[in-house]
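J.: Structure below; questions to follow.
The values are calculated or read from the model by the stated rules, or taken from the named source; none is laboratory data. Everything numeric in this text was worked out from a predicted model, so none of it was measured. When we count neighbours, we look across all protein chains shown, and the Cβ atoms used for this are built from the backbone with ideal geometry, even at glycine. To get the accessible areas, we keep the full protein, side chains included, count just its heavy atoms, and leave off ligands, DNA and RNA. Shrake-Rupley method; radii C 1.70, N 1.55, O 1.52, S 1.80 Å.
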Amino acid sequence: MEKTLVIHPSDSSTDFLKPIYSGLENAVVLTGGLTKEEVREAIEKSDRVIMLGHGSPFGLFSVGRFTSTNGYIIDNTMVDVLSNKPNNIYVWCHANQFVERHELNGFYSGMFVSEYGEAYYCGLPNTPQTEVDESNNYFARLLGEVINEPLSVIYEHVNWNYELLTEDNPVALYNYERLYLAE
């Protein structure tokens, strides 16, 4: 049985991502309280890593939930252990730059609008919070529906279904155009 590790720093603004992994059996979910070295050891023992939350081109923010970090729980110091795992999932703002710079494999996002302020910043002014929430919740539900499938199935399912929302939801369109797969 595949050992899945979920790294999702506890942060109420990213709680909408929980349905992605809520249906996983036997997954280890890390939300904080560990050192970076302990997280590294958990990654080494896992077959697949799902990383979710806020981030930048340099990695996944620890949002103060993990100890002994430089502000990131996933950064360039974790690339060597992540590179041995071809089925990872990276969902944070600008994860594409991290994944591509380090030539990693997986399903990943680019800039991902998940809050009203991000919508404004990304050229979607006057976007109601309801559209942001609709996009967030639909994306998480879609990914959660196929989380145990191969990456190609995940990518096709999420892309095909998420696209259905793009006609009426500019946030979904923005995010849809920034979903990637590298195998």
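So that you can scan it fast, the table gives a plain yes or no per residue for (1) more than 14 Å from the chain's Cα centre (by Cα); (2) at positive phi; (3) modelled with pLDDT under 95:
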site	(1), (2), (3)
Val99	no, no, no
Ser109	no, no, no
Val113	no, no, no
Asn126	yes, yes, yes
Glu131	yes, no, no
Gly144	no, no, no
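J.: Scan (1) open to solvent by less than 70 Å² (accessible area, probe 1.4 Å); (2) touching a residue at least 60 places away in the same chain (Cβ under 8 Å) for the single condition Ser22 breaks and write down its number.
T.: Of (1) open to solvent by less than 70 Å² (accessible area, probe 1.4 Å); (2) touching a residue at least 60 places away in the same chain (Cβ under 8 Å), only one is false for Ser22: (1).
J.: Within the group Asp75, Asp47, Asp80, Asp133, which residue is among the acidic types (Asp, Glu) and crowded, with 19+ Cβ neighbours inside 10 Å?
T.: Working: Asp47 fails: crowded, with 19+ Cβ neighbours inside 10 Å; Asp80 fails: crowded, with 19+ Cβ neighbours inside 10 Å; Asp133 fails: crowded, with 19+ Cβ neighbours inside 10 Å.
Of Asp75, Asp47, Asp80, Asp133, the one residue that is among the acidic types (Asp, Glu) and crowded, with 19+ Cβ neighbours inside 10 Å is Asp75.
J.: Now a separate question. So the check is Cβ under 8 Å with 6+ separation or different chains; which pairs have a first residue in the range 75-88 that's touching a residue at least 60 places away in the same chain (Cβ under 8 Å) and a second one that's open to solvent by 20 Å² or more (accessible area, probe 1.4 Å) and not hydroxyl-bearing (Ser, Thr, Tyr)?
T.: Partner pairs satisfying both residue conditions: Pro86/Asn105; Pro86/Glu183; Asn87/Asp47; Asn87/Asn105; Asn87/Pro150.
J.: For Leu52, are the conditions met, namely being touching a Gly at 6+ places or on another chain (Cβ under 8 Å), surrounded by 15 or more Cβ atoms within 10 Å (Cβ to Cβ) and touching a residue at least 40 places away in the same chain (Cβ under 8 Å)?
T.: Working: touching a Gly at 6+ places or on another chain (Cβ under 8 Å): no; surrounded by 15 or more Cβ atoms within 10 Å (Cβ to Cβ): yes; touching a residue at least 40 places away in the same chain (Cβ under 8 Å): yes.
No: the conditions fail for Leu52.
J.: I'd like to verify a number: residues in the range 40-60 that are touching a Ser or Thr at 6+ places or on another chain (Cβ under 7 Å) and among the polar types (S, T, N, Q), how many?
T.: So the answer is 1.
J.: Hey, could you check the range 152-183 for residues that are small (Gly, Ala, Ser) and in a helix (DSSP H, G or I) and say which is least open to solvent (accessible area, probe 1.4 Å)? Walk me through it before giving the result.
T.: As a first pass, look at the range 152-183 and keep what is small (Gly, Ala, Ser): 152, 172, 182.
Still in the list and also in a helix (DSSP H, G or I): 152, 172.
Details: Ser152: 41, Ala172: 0 Å².
Step by step, filter the range 152-183, then rank; the result is Ala172.
J.: Only one of Tyr90, Tyr121 is among the aromatic types (Phe, Trp, Tyr) and surrounded by 17 or more Cβ atoms within 10 Å (Cβ to Cβ); which?
T.: Details: Tyr121 fails: surrounded by 17 or more Cβ atoms within 10 Å (Cβ to Cβ).
Only one candidate passes the filter, namely Tyr90.
J.: Here's a check for you: in the range 63-72, which residue that is touching a helix residue (DSSP H, G or I) at 6+ places or on another chain (Cβ under 9 Å) and without any contact (Cβ under 8 Å) to a residue 24 or more places away in the chain is surrounded by the most Cβ atoms within 10 Å (Cβ to Cβ)?
T.: We begin by selecting, within the range 63-72, every residue touching a helix residue (DSSP H, G or I) at 6+ places or on another chain (Cβ under 9 Å); these are 63, 66-70, 72.
Retained after the next criterion (residues that are without any contact (Cβ under 8 Å) to a residue 24 or more places away in the chain): 70, 72.
Details: Asn70: 11, Tyr72: 20.
Once the filter is applied, the top-ranked residue is Tyr72.
J.: I'd like the residue in the range 9-42 that is in contact with a His (Cβ under 9 Å, 6 or more places away or on another chain) and in a strand (DSSP E or B) and, out of all such residues, is nearest to Leu143 (Cα to Cα).
T.: Within the range 9-42, the match that is nearest to Leu143 (Cα to Cα) is Val29.
J.: Here is a further query. Quick test for you: out of Phe66, Phe58, pick the one residue that is closer than 15 Å to Asn96 by Cα and in contact with an Asp or Glu (Cβ under 9 Å, 6 or more places away or on another chain). If you could, list the steps in order and put the result at the bottom.
T.: Numbers: Phe66 fails: closer than 15 Å to Asn96 by Cα.
From the options Phe66, Phe58, the qualifying one is Phe58.
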